[in-house]
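One structure below.
The values are calculated or read from the model by the stated rules, or taken from the named source; none is laboratory data. In this text the structure is predicted, and so the values were computed from the model without any measurement. All Cβ positions, even for glycine, are placed from backbone atoms using ideal geometry, and neighbour counts span all protein chains on display.
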């Protein structure tokens with residue numbers, strides 16, 4: 001595992017080009033964004049207003065999922081792939097609040113995310129471990145080699161892809177990434193995945209506006225395609241559903257074009 005405290009400063013960041021992590025931060029109400037990000041975010045939101053709700057509800061989904069895994073299931077190891085900019089209630093904060101000895105490995109290869117991770121992704125308990133792998137999820141072997149320094153591969157691990165796989169243009173490559181990152185872990189490990197879906201014309205138009213504004217293209221997929229990522233695993237109830245409805249505390253929820261699920265490795 002890299003000792004990020006001794007790493008050189010992150011490369012200079014071009015604030016004139018829309019950046020996916022900063023756009024998402026803008027939608028979530030954060031302050032780590034610039035005018036180009038806000039312009040791109042507004043262009044998407046004009047076509048698909050629910051994108052702001054999706055951003056905020058995705059964090060609520062993360063909180064419910066990690067609380068379930070750390071609490072009911074007893075998982076205390078998490079591999080969070082495609083971290084994005086730290087905001088509130090990050091994976092390690094939720095997990096270590098419930099299981100103080102939780103070990104979390106965040107993965108991203110973005111210099112902006114790296115800079116924030118160094119400053120903000122710190123342990124919240126004396127017994128916990130929070131670490132960062134500077135790697136691209138297109139290279140699962142690199143991620144796994146580094147993660148071995150923190151995670152015990154003989155014990156269950158929750159592998160998380162939280163709204164990031166749409167940046168993989170090829171569907172089969174996306175499935176391969178998921179498979180290669182869950183395969184090394186033992187029975188009792190879990191896959192957590194959510195992504196935007198092509199389940200409405202407005203969200204599709206929003207995706208087109210993102211690309212037109214200079215953002216990295218996001219490839220929306222169908223719920224049926226996302227379900228293929230869970231083949232061979234045991235789906236946790238209620239299965240693959242809109243993220244707003246996954247173990248929601250209330251039935252009064254808005255269905256949005258983002259589906260997610262949690263599944264156990266038998």
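Scoring residue 64 on the criteria (1) more than 22 Å from residue 31 (Cβ to Cβ); (2) touching a strand residue (DSSP E or B) at 6+ places or on another chain (Cβ under 9 Å); (3) touching a residue at least 40 places away in the same chain (Cβ under 8 Å); (4) outside any loop (DSSP other than H, G, I, E, B) leaves a single failure, condition (2). Counting only residues that are touching a helix residue (DSSP H, G or I) at 6+ places or on another chain (Cβ under 7 Å) and part of a loop (DSSP other than H, G, I, E, B), region 184-198 holds 3 of them.
Scanning region 162-181 for residues that are touching a residue at least 24 places away in the same chain (Cβ under 8 Å) and either outside any helix (DSSP H, G or I) or closer than 26 Å to residue 87 by Cα (or both) yields 162, 163, 164, 165, 166, 167, 168, 169, 174, 177, 178, 181. Criterion first (in contact with a helix residue (DSSP H, G or I) (Cβ under 6 Å, 6 or more places away or on another chain) and buried (at least 21 other Cβ atoms within 10 Å of the Cβ)) does residue 147 satisfy it? For residue 147, the condition - in contact with a helix residue (DSSP H, G or I) (Cβ under 6 Å, 6 or more places away or on another chain) and buried (at least 21 other Cβ atoms within 10 Å of the Cβ) - is not met.
Conditions tested, residue by residue: (1) buried (at least 22 other Cβ atoms within 10 Å of the Cβ); (2) touching a helix residue (DSSP H, G or I) at 6+ places or on another chain (Cβ under 8 Å).
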| site | (1), (2) |
| --- | --- |
| 83 | yes, yes |
| 103 | yes, no |
| 108 | yes, yes |
| 111 | no, no |
| 124 | no, yes |
| 130 | yes, yes |
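Does residue 96 count as in contact with a helix residue (DSSP H, G or I) (Cβ under 9 Å, 6 or more places away or on another chain) and at positive phi? Considered against the rule, which asks whether it is in contact with a helix residue (DSSP H, G or I) (Cβ under 9 Å, 6 or more places away or on another chain) and at positive phi, residue 96 comes out as no. Pull up region 33-44, narrow it to residues that are crowded, with 18+ Cβ neighbours inside 10 Å and in contact (Cβ under 8 Å) with a residue 40 or more places away in the chain, then point me to the one that is farthest from residue 206 (Cα to Cα). Filtering first and then ranking leaves 36. Count of region 1-30 residues, restricted to those that are part of a helix (DSSP H, G or I) and modelled with pLDDT of 70 or more, is 8.
Answer yes or no: is there a residue in region 42-56 that is at pLDDT 90 or above and touching a strand residue (DSSP E or B) at 6+ places or on another chain (Cβ under 8 Å). The answer is yes, given that some residue of region 42-56 is at pLDDT 90 or above and touching a strand residue (DSSP E or B) at 6+ places or on another chain (Cβ under 8 Å).
Take the residues of region 248-264 that are surrounded by fewer than 16 Cβ atoms within 10 Å (Cβ to Cβ) and either free of Cβ contacts under 8 Å to residues at least 12 places away in the same chain or within 18 Å of the chain's Cα centre (by Cα) (or both): which is nearest to residue 200 (Cα to Cα)? The residue in question is 253.
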